[in-house]
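If you scroll down you'll find the structure; I have some questions about it.
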Amino acid sequence: MKLIPLVLANLRRHRLRTLLTTLGVSLAMFLFASLRSVVTTLNAGTEIASASRMVVQNANAIVFTLPMSYRARLAAVPGVTEVSWANWFGGQYGDGRVFFGQFAVDPESYFTMYPEIQVPPDQLDAFKHERTAAIVGKGLMDLFGWHVGQNVTLRGTIFPGDWVFTIRGVYTPSNKALDDRSFLFQYAYLDERTEHRIEPGWYTLKLSDPALAPQVAHTVDDMFRNSSAATKTGTEKAFNQSFVTMWGNVQFLMNSIGMAVVFAILMVTGNAMMMTARERTGEVAVLKTIGFTDRTLFVLVMMEAGLVTFTGAFIGLMGAKALYSSSGFNGFGFLPGFDVTTATLAIGFGITLVLALASGLVPALRAYRLPIVQALRHVE
Amino acid sequence: MKIPLVYNVRSIRQRPVSTAMTGLGIALVVAVFVAMLALANGFRAALVRSGSPDNVMVLRRGADSELSSGISRESARLIAADPRVAVDAQNRPLASPEVFVVINIPRAVGEGVNNVVARGVNEQAFPVRNIHITEGRTFRSGQSEIIIGEKIVPRFAHTALGDTLRFANRGWVVVGHFSAGGSALESEIWGENEQFMPVFRGEVFQSVIVRLKDRASFPEIKRTLEGDQRLTVQAQRESDFYRGQSTLLTNILTSLAIMITSIMAIGAIFGAVNTMYAAVSSRTSEIAVLLTLGFAPRSVMASFLVESAVIALLGGIAGGLLALPINGIVTSTTNWNSFSEVAFSFRVTPGLLLSGAIFAVVMGLVGGFFPAWRAARLQVVQALR
């Protein structure tokens, strides 16, 4: 502890260098936290999936529909307590530049199936009683500046024409990682306005016990195996995961960039520490002469490296945490609930420790081993 | 008078480790820069190459992709009969009414399935789309046979010649592999449209692609088709259609690349500033001597700037070399417009390497500016004391 004033004095000598090195570490750690948070946020979307829900989709691909008649047969499967269904609408609003999900849902079963989609009871009631009503996520309402009671026109791409909806309710997700930019409306409206009969895009099942999931999947898929629309049944988690993997290997991309960032900053800090040590050769010799031990000098250099890197990392990691949680950044709607997790912070500080050791070790060893006589010979 | 470059080169040699570390820091920034843009480049190239300005893509009006489109047999016949459509040697129109669906097929490695485009075409699709069979043969009319784009052959199971791939409750024999000039079409499965139609979406095509006799006649055919009372379609140049599909993801990747590398670049510039200040202060007396000898402060400044730029350039070249091996590596993502997997190669182009090198030099110049400024303003008397 006695050494701290000495470490601080040393750092103050090249103020600019200390400042730049610290900020360099901050930037690197900020970037690291951001990159890792992309991955953790994408995965959080699958973590929040309820274990007691399953999704039944067409075995050919999600773009194919399933007959409405499956509803009753699914409800009869042992272990299934509730059945709901929905369809993807795929409309565009305004110039179509902002992408958001639009779902035709069954008003009775959908909101009991997903208790995390929270709607005030009076608004839900109004929604159920009006064919053209819509319930919109809070994030989407704010994004477009919509208000309850407003008419909104979507241009259908799959279901042609202009579709006018009246916003009757706003939902807020109970979990931040859930999308708050969806647009929900009545399945019956879609069905009635479309010339041919439409079919659900997928069914959601609620199970009495999550442990029944494999058995239910088996029963359902066997039941429809030889029908016109074979099914693929999986847990909600697997369903969400399939969308995450569609982006490609994001994890690998982010990790590789993160590695490059850490190595680049190692070069900057390591270089700064080495330059500092080289300039102080004479001084180290003097300190040794007046009785500082080799070990003390080693510790002195390591402390200096540690102080710079940890200060920098603290600013960078905490800065990222504060910035993202206060700005409500959500990756333009692609990354709802973007957050720097505690695990990310812990890993960040772990990397900082390695950074401190790696950048301080060479100069510290140099100070440790420095022979006094030889070093003093160079002092003018 | 200019200070000779040899002076800088010898100075750099005096402190090789420090120089190397600064250069390497810059190299890593440039490597990330090149690699990320190569990714964006590769994706865009795969999609842009899928479309030709000579072709017209006809979709149902209001549809933003083939997936959401639908065109009846009657409409397809009317479109193909337009006089501006090119004809082959047998005087048949070069028009391809296509069935477009997305199917789940199992991956080659690991478990799980992924979405792949299955496109039902007629024989005219081959000349219209510039498709070449690389292995095996094309499918025979009336048979449950398919051919597979060569990019996805290694990525999915049951795609080798002679294998049977199961989808739509039927087994399909793989009889060929095809290439399409590196385009996104190489990530598709092709079969006969009359075979795909009944098993997937019924009596409807998703799109009609026609080859124009003259590419300049596009505005006319667009006006005719879209104005025809019997049709509810929209016509687009095929090249514009695919470019439109690539913009969203390309923009995301490019802005991500720029954001990440600018933050990294600031860190690398800090490193360069440190190095150059150290260089200036350790060479104080040398600089004073140079100034005494009559070199103008401007020359001293230029000399240090050049030194910094050269270190950075070397770093930039190293970074480019570091990123070069990823050229050609195949990766994949999803084309959200068609909801299907697109496999594509990273593309490191000479232009990209050049911008990486320029980026490095800019980092060097910015990082070297203030240290060089200090060197130029050195007080000779004080420095020589």
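The values are calculated or read from the model by the stated rules, or taken from the named source; none is laboratory data. Here the structure is a predicted model, which means the values were calculated and not measured. Virtual Cβ from ideal backbone geometry, glycine too; neighbours counted across all protein chains shown.
Confirm whether residue B:79 is closer than 30 Å to residue B:222 by Cβ, of a type in the set (Val, Ile, Thr) and either surrounded by 21 or more Cβ atoms within 10 Å (Cβ to Cβ) or touching a Cys at 6+ places or on another chain (Cβ under 7 Å) (or both).
Yes; evaluated as a whole, the condition is true for this residue.
So which residues in segment A:203-227 are among the polar types (S, T, N, Q) and closer than 10 Å to residue A:74 by Cα?
A:204, A:219
I would also like to ask the following. Can you tell me which residues in segment A:276-318 are within 19 Å of residue A:31 (Cβ to Cβ) and within 12 Å of chain B (Cβ to nearest Cβ)?
Scanning segment A:276-318 gives A:308, A:312, A:316.
Further question on the same structure: Go through segment B:193-209 residue by residue and tally those that are at positive phi and touching a helix residue (DSSP H, G or I) at 6+ places or on another chain (Cβ under 9 Å).
Here the count works out to 0.
Turning to a different aspect of this structure: Go through segment A:1-58 residue by residue and tally those that are closer than 20 Å to residue A:334 by Cα and basic (Lys, Arg).
Count: 1.
Among B:121, B:153, B:109, B:174, which is of a type outside the set (Ser, Thr, Tyr) and either within 14 Å of chain A (Cβ to nearest Cβ) or without any contact (Cβ under 8 Å) to a residue 24 or more places away in the chain (or both)?
B:109
Here is a yes/no grid of residues against (1) of a type outside the set (A, V, I, L, M, F, W, C); (2) more than 29 Å from the chain's Cα centre (by Cα); (3) surrounded by fewer than 16 Cβ atoms within 10 Å (Cβ to Cβ):
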position	(1), (2), (3)
B:248	no, no, yes
B:264	no, no, no
B:287	no, yes, no
B:294	yes, yes, yes
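Sort through B:218, B:196, B:178 and tell me the only one that's assigned to a helix (DSSP H, G or I), within 28 Å of the chain's Cα centre (by Cα) and at pLDDT 90 or above.
B:218
Another question, then. Might you let me know whether segment B:132-145 holds any residue that is under 28 Å from residue B:336 (Cβ atoms) and among the hydrophobic types (A, V, I, L, M, F, W, C)?
Scanning segment B:132-145, I find no residue that is under 28 Å from residue B:336 (Cβ atoms) and among the hydrophobic types (A, V, I, L, M, F, W, C), so the answer is no.
Pairs please, first residue from segment A:107-120 and within 14 Å of residue A:86 (Cβ to Cβ) and in contact (Cβ under 8 Å) with a residue 60 or more places away in the chain, second anywhere and in a helix (DSSP H, G or I) and of a type outside the set (S, T, N, Q), Cβ atoms under 9 Å, 6+ apart in sequence or on different chains.
Filtered contacts from segment A:107-120: A:107/A:124; A:107/A:127; A:107/A:128; A:107/A:187; A:107/A:188; A:110/A:187; A:117/A:110; A:117/A:111.
Going residue by residue through segment B:128-139, is there one that turns out to be in contact with an Asp or Glu (Cβ under 6 Å, 6 or more places away or on another chain) and crowded, with 19+ Cβ neighbours inside 10 Å?
yes
Kindly list the number of the only condition in (1) touching a strand residue (DSSP E or B) at 6+ places or on another chain (Cβ under 8 Å); (2) away from chain A (no Cβ under 14 Å); (3) not basic (Lys, Arg) that fails for residue B:183.
Residue B:183 satisfies all of (1) touching a strand residue (DSSP E or B) at 6+ places or on another chain (Cβ under 8 Å); (2) away from chain A (no Cβ under 14 Å); (3) not basic (Lys, Arg) except (1).
Next question. Tally the residues that are free of Cβ contacts under 8 Å to residues at least 24 places away in the same chain and touching a Ser or Thr at 6+ places or on another chain (Cβ under 6 Å), restricting the search to segment A:310-353.
Residues flagged as free of Cβ contacts under 8 Å to residues at least 24 places away in the same chain and touching a Ser or Thr at 6+ places or on another chain (Cβ under 6 Å) within segment A:310-353 amount to 0.
OK, next. Taking segment B:19-39 as the region of interest, how many residues are over 17 Å from residue A:260 (Cβ atoms) and crowded, with 22+ Cβ neighbours inside 10 Å?
0
Still on this structure, I have one more. Residue A:324 is checked against (1) surrounded by 17 or more Cβ atoms within 10 Å (Cβ to Cβ); (2) within 18 Å of residue A:13 (Cβ to Cβ) and fails just one. What number does that condition carry?
(2) is the only condition that residue A:324 fails.
For segment A:178-213, give me each residue that is among the small types (Gly, Ala, Ser) and surrounded by fewer than 22 Cβ atoms within 10 Å (Cβ to Cβ).
Those that are among the small types (Gly, Ala, Ser) and surrounded by fewer than 22 Cβ atoms within 10 Å (Cβ to Cβ): A:182, A:188, A:201, A:208, A:211.
Can you pull out the helices (runs of 4 or more DSSP H) entirely within segment B:1-86 that have at least 2 residues that are within 30 Å of residue A:268 (Cα to Cα), within 12 Å of another protein chain (Cβ to nearest Cβ) and touching a residue at least 40 places away in the same chain (Cβ under 8 Å)?
Answer list for segment B:1-86: B:16-48.
If I ask for residues that are in contact (Cβ under 8 Å) with a residue 24 or more places away in the chain and over 29 Å from the mean Cα position of the chain (by Cα), which ones from segment B:156-171 would you list?
Across segment B:156-171, the qualifying residues are B:161, B:165, B:167, B:168, B:169, B:170, B:171.
So is residue A:41 away from every other protein chain (no Cβ under 14 Å), buried (at least 19 other Cβ atoms within 10 Å of the Cβ) and farther than 17 Å from residue B:104 by Cβ or not?
Yes; evaluated as a whole, the condition is true for this residue.
Find the helices (runs of 4 or more DSSP H) located wholly in segment B:285-385 whose residues include 2 or more that are within 14 Å of chain A (Cβ to nearest Cβ) and within 28 Å of residue B:154 (Cα to Cα), and list them.
The qualifying helices (runs of 4 or more DSSP H) are B:297-323.
If we keep just the residues of segment A:57-92 that are within 14 Å of another protein chain (Cβ to nearest Cβ) and either of a type in the set (Val, Ile, Thr) or over 22 Å from residue B:339 (Cβ atoms) (or both), which is surrounded by the most Cβ atoms within 10 Å (Cβ to Cβ)?
A:63
Still on this model: Give the residues of segment B:296-316 that are hydrophobic (A, V, I, L, M, F, W, C) and surrounded by fewer than 18 Cβ atoms within 10 Å (Cβ to Cβ), sorted by residue number.
Listed by number, the residues that qualify are B:296, B:302.
Then there's this: Which of the following residues is crowded, with 16+ Cβ neighbours inside 10 Å and not in a helix (DSSP H, G or I): B:268, B:279, B:235, B:272?
B:235
Name the residues in segment A:340-369 that are part of a loop (DSSP other than H, G, I, E, B) and buried (at least 19 other Cβ atoms within 10 Å of the Cβ), would you?
A:340
Look at segment B:332-352 and say how many of its residues are hydroxyl-bearing (Ser, Thr, Tyr), at pLDDT 90 or above and out of contact with any helix residue (DSSP H, G or I) (no Cβ under 6 Å at 6 or more places or on another chain).
1
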